[in-house]
Amino acid sequence: MARYFDIDDIIMEDELISVVYQVGANGVGLLDPGAERNCVEQGAKVELPFWLAHELHMRQAVVVSAPPCFNQKTRKEIQADAAFVDLRSRCPYFYEFGCKVAPLIGDRTIGSFLLYAFTGRYKEVLSKAHSSAFISTPKSTLLTKEETQLYEAARSSMAAFKKWRVGGPRFERASILRKRKPTD
């Protein structure tokens, strides 16, 4: 499930997701803030962290609903102009979370939706990174954690390229030059 020591994976799996209990459960009333007793009734809709929802789904105790960051409104906004949608406020780990939640909700379109969103935003991320290689610009608040890592990698790569390009001679002469015989 989780990469045990990866803090980003731990934070991503703490994202809340809506589930509906298929069976009643005793002793878990703390999970449902509206519960008066220390149990959750069958059919109760509860927000749980992804890691817990995944485990309960594997035991067929809950049915997972699609998170709000993958609803039709978000899909339409991304189809309109993917580069300017604030995905970070919806889910900081949008792509990784989408890959992990897709098998649970049984929506086969999430994979193609994630690909469409990434390809639509990729060009914008790289162009911003390449144009700001030496300028200290504040990080864009629209970027997800994965896109921020991509942005930083592209920015440092462009800075290293510009440093290499400006510095010193790029061509060296061979110490011994031989003339070739002409071929007929």
Among the numbered criteria (1) over 22 Å from Lys145 (Cβ atoms); (2) open to solvent by 50 Å² or more (accessible area, probe 1.4 Å); (3) without any contact (Cβ under 8 Å) to a residue 40 or more places away in the chain, which one does Tyr4 miss? (1)
From Ala66, Ala61, residue being more than 30 Å from Leu150 (Cα to Cα) and either small (Gly, Ala, Ser) or within 13 Å of the chain's Cα centre (by Cα) (or both): Ala61
Where in the range 29-96 are the helices (runs of 4 or more DSSP H), entirely inside, with at least 2 residues that are at pLDDT 90 or above and over 21 Å from Thr119 (Cα atoms)? 50-58
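The values are calculated or read from the model by the stated rules, or taken from the named source; none is laboratory data. Keep in mind the model is a prediction, meaning the values are calculated, not measured. Heads up, the Cβs are rebuilt from the backbone with ideal geometry, glycines too, and the neighbour counts pull from every protein chain shown. Surface accessibility is based on the protein's heavy atoms, side chains included, excluding ligands, DNA and RNA. Shrake-Rupley method; radii C 1.70, N 1.55, O 1.52, S 1.80 Å.
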